[in-house]
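First the structure, in the form of structure tokens, and then the observations on it.
Quick note: the coordinates plus some simple rules give every number you see, no bench work behind them. No experiment lies behind these values; they were computed from the predicted model shown. No Cβ is skipped: glycine too gets one built from the backbone with ideal geometry, and neighbour counts run over all protein chains shown.
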Amino acid sequence: MTREVKSGNCYILHPRDSAQQYEVECFDVDYWKGKPGFENLGGGRGGSCLIEIEGNRAILRQYHRGGYVGNLLSNQYLWLGKTMTRPWREWKVLQRATRAGLPVPRPIAACACRSGLVYRAALLMTYLEDTEMLTQRLAREKLPPELWHRLGLLIKRLHGEGIRHADLTSDNILIDSQNRFYLIDFDKARIMNRLDDWQWEPLYRFQRSINKRLRNQPLNFSEDDWEAFMDGYQA
């Protein structure tokens, strides 16, 4: 169960049973600077930082646009109602994935602040300890076929729950020291009503991401690995 709180022109979303009180300032990177556990995170778009909250480490991600539009509007999005904001939609997807037992970050709190026709937003979620991007692991070593098969099964489960990941890349798949996989970055992800041809596009996106990386850096990846992945997906 979730709880929504309105503070001025801002809307805050968090679990109803949370002991933490979330104010608008909690979603500002500057608020956390100098506090224990703070660490600026590079990469990606916009401002993200590692913080300590409720006794655990968490990630604060502020939503920012990329590309040419991002140069003009940066962190502003058209307001169509709070349920249509980026963090509200991502929250819904993450909650569905969490209830299904999928390995994803748990959403902690979200905020969207309206200013006229536009809004700015941020999302707090759990930090996945002891993980690295699949890209990083492949740059260092080769994965055995059984891991690729297991990853294929995981993506099959994701699609079976009707979750369409909008940016399934080797950077958005994490792996820990126990060779367990995790899925991140569900911004723009969608919940689909039924399986159809849509599930193939995320797979093509994943394959393209690896091939693109291969053009710029050596990775321990081969066609046999992709076959093992697809064997798992189609099992």
Next item on the list: Would you please name the residue that is nearest to residue 172 (Cα to Cα), looking only at residues in the stretch 10-53 that are surrounded by 13 or more Cβ atoms within 10 Å (Cβ to Cβ) and of a type in the set (S, T, N, Q)?
Entry: 48
Item checked: Failed condition for residue 144, given (1) in contact (Cβ under 8 Å) with a residue 24 or more places away in the chain; (2) of a type outside the set (A, V, I, L, M, F, W, C); (3) over 27 Å from residue 50 (Cα atoms) -> (1)
Next item on the list: Give the residue, chosen from 135, 98, that is polar (S, T, N, Q) and either in a loop (DSSP other than H, G, I, E, B) or closer than 25 Å to residue 53 by Cβ (or both).
Entry: 98
Notebook entry, point to check: Mind checking which pairs have a first residue in the stretch 193-211 that is touching a residue at least 40 places away in the same chain (Cβ under 8 Å) and a second that is of a type in the set (Phe, Trp, Tyr) and not in a helix (DSSP H, G or I), Cβ under 7 Å, 6 or more apart or different chains?
Noted result: 210/221
Check: Of all the residues that make up the stretch 103-132, how many are under 30 Å from residue 77 (Cα atoms), in a loop (DSSP other than H, G, I, E, B) and in contact with a strand residue (DSSP E or B) (Cβ under 6 Å, 6 or more places away or on another chain)?
Finding: 6
Next item on the list: Considering only residues that are surrounded by 20 or more Cβ atoms within 10 Å (Cβ to Cβ) and hydrophobic (A, V, I, L, M, F, W, C), look in the stretch 168-183 and name the one that is farthest from residue 158 (Cα to Cα).
Entry: 175
